[in-house]
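Values quoted throughout were computed directly from the atomic coordinates according to the rules given, and no laboratory measurement underlies them. Only a predicted model underlies this, so the values are computations on that prediction, with no experimental measurement involved. Here Cβ is always computed from backbone atoms with ideal geometry, including for glycine, and neighbour counts include all displayed protein chains.
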């Protein structure tokens with residue numbers, strides 16, 4: 001009886017662990033759209049960034065309208081994106097890596113309202129569609145346990161002083 005209980009407990013714990021922690025995908029190019037998108041946004045190349053996005057990220061807007069909105073947002077907010085650190089694609093289901101993945105990213109950014117900068121922990125959900133991988137959604141993590149789940153061992157820096165050396169646009 002004890003052996004059966006022990007085996008059942010072990011099975012349940014391993015199942016919970018598997019569901020709780022993502023694992024790396026074997027090599028694929030799922031991180032490419034995230035690298036392309038974040039670099040293009042950092043360089044204010046919004047037309048280039050648009051090509052990495054699914055309709056869910058553009059609200060179905062044509063490229064010209066989406067670019068106009070992003071440009072206005074970045075100009076008014078004086079957005080500066082600093083360091084980018086796109087991580088290896090992750091999955092929750094090993095069979096899904098060929099069609100979908102989660103791509104973690106750490107970036108430093110600041111803007112008119114956050115002029116000392118901060119570090120943002122992001123999760124991009126990407127899907128493979130005809131023509132390649134596209135970003136379906138982006139989530140910024142703020143909960144420390146969630147950050148540690150997706151970025152194990154990463155030190156969460158203090159809020160202030162992340163991009164002091166980068167001037168805001170127009171300064």
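In the stretch 28-150, inverting the average of 1/r over every pair of distinct C-alpha atoms gives 15.1 Å as the Kirkwood radius. Arranged from fewest to most other beta-carbon atoms within 10 Å of their beta carbon, 37, 50 become 50, 37. Note on 63, 80: ascending count of other Cβ atoms within 10 Å places them as 63, 80, the fewest first. Relative contact order of the stretch 28-150: 25 percent, from C-alpha pairs under 8 Å at least 6 residues apart in sequence.
If a spin label sat at a point 7 angstrom from the Cα of residue 44 along the line to its beta carbon, the backbone N atoms of the stretch 74-111 nearer than 12 Å would be those of 74-81.
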